[in-house]
Amino acid sequence: MAPAEDPAAVDPILRLAGPDLLPNPYPAYAELRETAPVLWHEPLGSWVLTRHADCLAVLTDSTRFASDWRRAGEDIPGPLLSVQTLDPPEHTAIRHLLLDGFRAQDRNALHERLDRDVKELLAGLAERPSFDLVGELAEPLALRFVTAFLGVPAPELDWFVPMSRTVVDGMDAGLWPEKHEPAVAARARLAEYAGGWLADPPADGLIAYVAAHADTSGVDPAVLRNSLRAVLHAGYESASRLLGNAAAALLTTPGALAAFRTAGPGTAVDELVRFDAPVQADARVCVADTEIGGVTLKAGDPVTLLLGAANHDPRRFADPTELRLDRAPNPHLGFGRGAHACLGASMAIRLAGSVLGTLATDHPGARAVAEPHHRRNLTLRGLDRFEVTLRPATGEEVRS
């Protein structure tokens, strides 16, 4: 009798987590996009969309596609109710409070401090034969930057990073249900931690603004705590994973680091987001019968948007598998669209631009000394480890 086939080897979604596809899922996305752009995936119990136009249509239609699954009759645990999961009108109050707080900050001072920190940190790392770009640069720098914006001290990495990763693992609980409960518990602990900021707010930063305006905002205190947790967690994870993915693309693509110097940093980072975005998937639930891609989705149907596939759709992007740092316009979906577009996108872009720009100008001999190693996450794509050196190879002539 022939041995039974491994379900993960034939399932079009589960196989994305396999060692052969995890480093580069984009050819598998292309196959899905061409053969089954609107796919019912039984293990997830969800429609899976891979085309740019279809994903964009869902992201920008909060009337027919909900982020708040209570609109489809689902019971949602309290720790999951935040700016990320509520829909208007509840969503409107908390989003406006946070956006007003973002706009009230002195970003120039924050950016000047960031640029100094980046230069100092990279100069120190340049003295070593090699280092882990993820654990020694991307993660600590992202946490320092996000908490500086919030106006609070950065928590210990040894405490925060494992909890943050548990939350990220829970985003794939549709495939691995055992990851759900630990993630809910981790979210609750982070929300309790963030709630402590409101009890004793700092003098400056986003938390100071939110604390001063919380009583008149109309936002439920629990939702506010959860939303501050979301800002901390999403800001850290988006920024650190973007930085790792972008650095891997630049340091493993011939000529890319030098090209970064001539491209505008905003344009170049936008392309790096499109090319290998941290946010690879998002979810909604259909609340009114809707046709997408020639298929009728029924009210109550879950919908999974493979944004990584949409960002490589040749119907929207010329030569999508090529890294073109001067690509413009670049309507990628790496930071979402519509009411739930990423609040901290500009911060993540600014951090990546500072680090990658400093690498390109101050350390043009930077290179990978080992293949990047990816974490086994499908919703948020990122590296577990990436060993690099800032020293040019022996005998290598580096042009300034």
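The values are calculated or read from the model by the stated rules, or taken from the named source; none is laboratory data. Being a predicted model, the structure only gives us computed values, none of them experimental. Backbone-built Cβ (ideal geometry, glycine too); neighbour counts: all protein chains shown. Ligands, DNA and RNA are excluded from the accessible area calculation, which covers all protein heavy atoms including side chains. Shrake-Rupley method; radii C 1.70, N 1.55, O 1.52, S 1.80 Å.
Mean separation of Cα pairs under 8 Å and 6 or more residues apart, divided by the residue count, gives the chain a relative contact order of 25 percent. Where in the range 144-172 does the amide nitrogen come within less than 13 Å of the point 7 Å from the Cα of residue 200, taken along Cα to Cβ? Flagged as within label range: 153. For the chain, the fraction of 1.4 Å probe accessible surface lying on carbon and sulfur atoms is 52 percent. The length gained on full extension between residue 289 and residue 72, counted as 0.36 nm times the residue separation minus their Cα-Cα distance, comes to 76.9 nm.
Computed over the chain with a Gaussian network model linking Cα atoms closer than 10 Å, the most mobile of 226, 330, 108 is 108.
Can you give me the accessible area per residue for the chain, using a 1.4 Å probe, in Å²? Numbers along the way, then the final one.
Values: 17410 Å² over 400 residues.
Result: 44 Å² of accessible area for each residue.
Largest GNM mean-square fluctuation among 385, 261, 113, using the chain with Cα springs under 10 Å: 113. Just checking the listed ones, 336, 357, 294: in the Gaussian network model of the chain with Cα springs under 10 Å, the one fluctuating most is 294.
Summing +1 for each Lys or Arg and -1 for each Asp or Glu among the other residues whose beta-carbon sits under 14 angstrom from that of residue 115 gives +2. FRET efficiency for the residue 185 to residue 394 pair, using the beta carbon distance and R₀ = 35 Å, is estimated at 0.10. Each residue of the range 110-120 is assigned a 3J(HN,Hα), and the resulting list reads 5, 5, 4, 5, 4, 4, 5, 4, 4, 4, 5 Hz, derived from the Karplus form 6.51 cos²θ - 1.76 cosθ + 1.60 (θ = phi - 60°), x at Gly and Pro.
What is the local net charge at residue 300, summed over the other residues whose Cβ is closer than 15 Å to its Cβ (Lys, Arg +1; Asp, Glu -1)? Let's see the in-between values first.
Numbers: positive: 64, 70, 71, 284, 298; negative: 68, 74, 75, 289, 301.
Local charge sum for residue 300: 0.
You can think of it this way: the chain between residue 212 and residue 104 has 37.7 nm of extra reach, that is 0.36 nm per residue less the Cα-Cα gap.
Quick check: residue separation of residue 128 and residue 92 times 0.36 nm, minus the Cα distance between them. What number comes out in nm?
Values: separation 36, 0.36 × 36 = 12.96 nm, distance 4.84 nm.
Roughly 8.1 nm would be gained on extension.
Close amide H pairs (under 5 Å, H built 1.01 Å from N) link residue 292 with 297, residues at least 5 positions away or on another chain. Positive contributions from Lys and Arg (+1) and negative ones from Asp and Glu (-1), summed over other residues with Cβ under 15 Å from the Cβ of residue 253, come out at -1. Any idea how far the Cα center of the range 288-357 sits from the one of the range 141-198, in Å? The range 288-357 and the range 141-198 have Cα centres separated by 24 Å.
Over all directions, how big on average is the projection of the convex hull of the alpha-carbon atoms in the chain, in square nanometres? Can you show the working numbers first?
Details: hull surface 85.7 nm².
For the chain, the mean projected area of the Cα convex hull comes to 21.4 nm².
Here is how the number arises for the chain: DSSP H runs of 4 or more residues each give -39500 (n - 2.57), the sum is divided by the residue count, and the result at 222 nm is -14500 deg cm²/dmol.
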